[in-house]
Amino acid sequence: MASPNNQNSADSSLKQSLEAGLAALKQKDYQSAIALLESVSQTAANQPPGIRAQMGLVAAYKATGNLKSAIALCTSLSKIPNTQIKTWADRTLTELTPPLPPKPPETPPETGFVAFNSATESAKKTVKGDGLRPASLRPTADTKTGFAPLDPTSAPGNTKSTHISPPPPPPKPAISTETTPDTEISGENSSGSPTDTYQLTWREAGRVKSPRPLKQLKLLEFRIGAFASAIALFFLARFVLQFLLTNTNSLLVQLYIFTRLPIFGPIQLFYRDPTPFLQFVFGLLLASSPWLIDALLKLFCGIDTLRGSVLSKHSKEATRVLRSFCTKQNMPVPVLKLLPLNVPVAFSYGCLPRFARIAVSQGLLEQLTDEEIATIFARELGHISHWDFAPMSLALLVIQIPYLIYWQVAHWQERLCDLMTIDFLRRTVRVVTAAISATSYGIYKLLRWPMLWLSRRRVYFSDRTSAEITGNPNGLTRAIAKIAIGIAASVEQQKQTSFFLESFDLLLPVGVGQAVTLGSAALQAPLEQILLWDVTNPDRTWLTINSTHPLVGERFKLLELYAQFWKLETELDLASLSPEQPKKPKLSLFKSILEFKDSKLFLQGAPFFGIPMGLGIVALLWMVGWLFSKTSIWQLDWLLGDRSIFWGCLPIGFCLGTLMRINYFFPDITPRETTSPSLPEILSNPETLPVDAEPVQLSGQLLGRAGIENWLGQDLILQTATGLVRLHYVSRFGPIGSLYPLLLKETTRPSDLIGKPVVATGWLRRGANVAIDLETLRSPGGRVSDSGHPIWSAILAFAAAVWGAYIIIQGGR
């Protein structure tokens, strides 16, 4: 008899093969799917995994033209006593062997599909069919720019999204009760039978013609915050530049001492104060931002002018909104630009309203309806009228400098190495360019920080302005959801996050990180279900600090409240999911601290809350010094007011907080504790926080950039059968291990597995975005990439403690 451990191992292996086969089927990699599913079917013929595999094989055989094998499997499945499986098999068998003679039936057969005619032709532009074709028929990304070229055949002029019948009450997106072979095998219910397929539809909730004015916005505080964000960006950029110049000269001095070559002498200009130079650069970038961004988009995207006739063809309402609002505000109509991209995006930029631009993509014009396009244009007019577009344009140009270095150095490194024949020289160039590229990417991420508050805050105001201008908060809800779905589809199509989407993330209507997960999950489960965390989690506000955009659920909830204010039917039903919590009685400061200490949020932010703990240690040591100063024991009175203790205890407090959290953050991963939840299940849990680290094991295809552009794991996405999930990776050797090939001679980087089916094992993090901290990434061929998150968390903690102790020791001398 097999031992329980062996049985569990076999079941786990069988499940992994099944999930990999289903993922390959979804990706239309039929040969791999057939190989994997046939293996599962033979191993567990009469068990639920084997039945799911056989159903998948039917779909694969049908797609490859092997109708004989598909019919044989369907015949076998039709003899299974399970009613749902038998019904599916009989229906599929009917499709595979149509009755003769071919006489049209009086009523449509129950195939789960709707006959295509002129009335339903516009369904191509619904959320499920938004003008995007299957991956095998889509254009691939350009290897130089990372942008997908516009395919004129993918979005004909008659593919406008029209009204879709609203689902019956309760008022939620409808769930189709019919199933198809590709989707029915993706899950099982409690009895082991396949689950039903979800199909997203819209209520097409109405609008108000003459909206009552909302309460007037108080923009003074917002504009002060915008100005403060720009100032903070300037000082952070100055610090980074000063740091780079100083350390460059220090490196040159060391090289000069080592080689005695005059060429390595320090650059005297780098010793000067960079503040005047940086003030000039910031002023120049702001004043010329419209034309510089125009040139940037022209060079890498081929941006062109959007003619009024073209806009009117897609949305006459958008044209009316532009003219009427600009006349009312006494400002010129912004210059309109068209991006030849299939991904639906829109953003505004410029320095003054008279030089403002609104750029929209071809995909947005083709995938959204007339009124939805108008709501997006109204959003951008809100940014211009609130003046937040100017500091955001400045910030965009500032962060483009390190991002372009990251992108172009990685791009040209590949071509440079191809021209080299000396292996040592090629490897040296690769390591140096990888270090420059990775450092530039880190600076890009750092420079975004001062603008995150403004980036989030301005979205609320622009959404509200759009609802007021158009009287259509429901249309804006649909538009934002379709943009998120379109961005997720673009990532699936290009097999990576394009450079355009990442570099312009601050200006887009939806954050790319949000869209990747929510956009893919929206086709798998009702929006109310997957947005439950966004509107009910009590700690959600704290977890958006590192986000470029507010939570999508929060935005939809506010739009729903606007609709209720105007007595409209709402597109979604989120407000009822987050009833107001009863006010808690006021507690004393001591009791409030004790209550917070026992909360999960305290554990989540323990490394940062450890810093105040370090200040408590400082106060204790200063008190000890004060007590000894009052006695004859003078040897310890130096503790009183010693600044080195103050500065040294701050990193020590960070160390204590990190060690306090580490066991909760990285629990042991065992086969018994590991789960494989679907993406809608992950998103539906309203109480979880990132510290609730759930060990998971998910199968799918690994997406992301190839080459040194992804050596640090900047763009790792797992495409599962139920959606896209981001992956976080840290080499066991740290960043140096990712960049220095000799340390990784016997190991595999995640970027080496791009495009392949993999099994990802790690810790699930559910915060403002969903991600998995990797432990291992395993391919079917046996290649394994190990990650070192727990190790480097501990190393960081102890490094902070050593640094703090060093500061105290140096200060005591």
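The values are calculated or read from the model by the stated rules, or taken from the named source; none is laboratory data. Remember, predicted model here, so these are calculated numbers, not experimental data. Because the Cβ atoms are built from the backbone with ideal geometry, glycine has one as well, and the counts that use them run over all protein chains shown. SASA here: full protein model, heavy atoms, side chains in, ligands and nucleic acids out. Shrake-Rupley method; radii C 1.70, N 1.55, O 1.52, S 1.80 Å.
Overview of values
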{"quantity": "Residues within the stretch 540-557 that are crowded, with 17+ Cβ neighbours inside 10 Å and assigned to a helix (DSSP H, G or I), tallied", "calculated": "8"}
{"quantity": "Residues being assigned to a helix (DSSP H, G or I) and open to solvent by 40 Å² or more (accessible area, probe 1.4 Å) - total across the stretch 24-48", "calculated": "11"}
{"quantity": "Residue in the stretch 639-662 that is surrounded by fewer than 18 Cβ atoms within 10 Å (Cβ to Cβ), of a type in the set (S, T, Y) and in contact with a Leu (Cβ under 6 Å, 6 or more places away or on another chain) present", "calculated": "no"}
{"quantity": "Selection count where residues are in contact with a Pro (Cβ under 8 Å, 6 or more places away or on another chain) and either modelled with pLDDT under 80 or surrounded by fewer than 16 Cβ atoms within 10 Å (Cβ to Cβ) (or both), scope the stretch 409-430", "calculated": "1"}
{"quantity": "Yes/no for L306 being out of contact with any helix residue (DSSP H, G or I) (no Cβ under 8 Å at 6 or more places or on another chain), among the hydrophobic types (A, V, I, L, M, F, W, C), in contact (Cβ under 8 Å) with a residue 24 or more places away in the chain and closer than 30 Å to S385 by Cβ", "calculated": "yes"}
{"quantity": "Any hit, the stretch 627-634, residues being at pLDDT below 85, of a type outside the set (D, E, K, R) and either surrounded by 17 or more Cβ atoms within 10 Å (Cβ to Cβ) or at positive phi (or both)", "calculated": "yes"}
{"quantity": "Which listed residue is over 30 Å from E681 (Cα atoms), in contact with a Lys or Arg (Cβ under 8 Å, 6 or more places away or on another chain) and in contact (Cβ under 8 Å) with a residue 24 or more places away in the chain, from L233, L241, L214", "calculated": "L214"}
{"quantity": "Qualifying position, being among the acidic types (D, E), under 28 Å from F222 (Cα atoms) and out of contact with any strand residue (DSSP E or B) (no Cβ under 8 Å at 6 or more places or on another chain), among E414, E380, E372", "calculated": "E372"}
{"quantity": "Hits in the stretch 502-523 (condition: crowded, with 22+ Cβ neighbours inside 10 Å and more than 13 Å from the chain's Cα centre (by Cα))", "calculated": "F504, L507, P509, A522"}
{"quantity": "Set N330, N342: member being among the polar types (S, T, N, Q) and free of Cβ contacts under 8 Å to residues at least 24 places away in the same chain", "calculated": "N330"}
{"quantity": "Strands (runs of 3 or more DSSP E) lying entirely in the stretch 729-807 (those with 1 or more residues that are modelled with pLDDT of 90 or more and not acidic (D, E))", "calculated": "757-766, 770-778"}
{"quantity": "Cross-chain or 6+ apart pairs with Cβ under 6 Å, the stretch 26-41 first and on the phi < 0 side of the Ramachandran plot, then of a type in the set (V, I, T) and outside any loop (DSSP other than H, G, I, E, B)", "calculated": "Y30/T64"}
{"quantity": "Sole exception among (1) over 16 Å from Q604 (Cα atoms); (2) buried (at least 20 other Cβ atoms within 10 Å of the Cβ); (3) out of contact with any Phe, Trp or Tyr (no Cβ under 9 Å at 6 or more places or on another chain) for N537, by number", "calculated": "(1)"}
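Conditions (1) at pLDDT 95 or above; (2) among the polar types (S, T, N, Q); (3) on the phi > 0 side of the Ramachandran plot, marked per residue:
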position: A435; (1), (2), (3): no, no, no
position: T439; (1), (2), (3): no, yes, no
position: Y444; (1), (2), (3): yes, no, no
position: V459; (1), (2), (3): yes, no, no
position: I480; (1), (2), (3): yes, no, no
position: I483; (1), (2), (3): yes, no, no
position: S490; (1), (2), (3): no, yes, no
position: Q493; (1), (2), (3): no, yes, no
position: T497; (1), (2), (3): no, yes, no
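For every residue, the table says whether it meets (1) aliphatic (A, V, I, L, M); (2) part of a loop (DSSP other than H, G, I, E, B); (3) within 30 Å of G471 (Cβ to Cβ).
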site	(1), (2), (3)
R203	no, yes, yes
P213	no, yes, yes
E221	no, no, yes
I231	yes, no, no
F234	no, no, no
Q254	no, no, no
Q279	no, no, no
F282	no, no, no
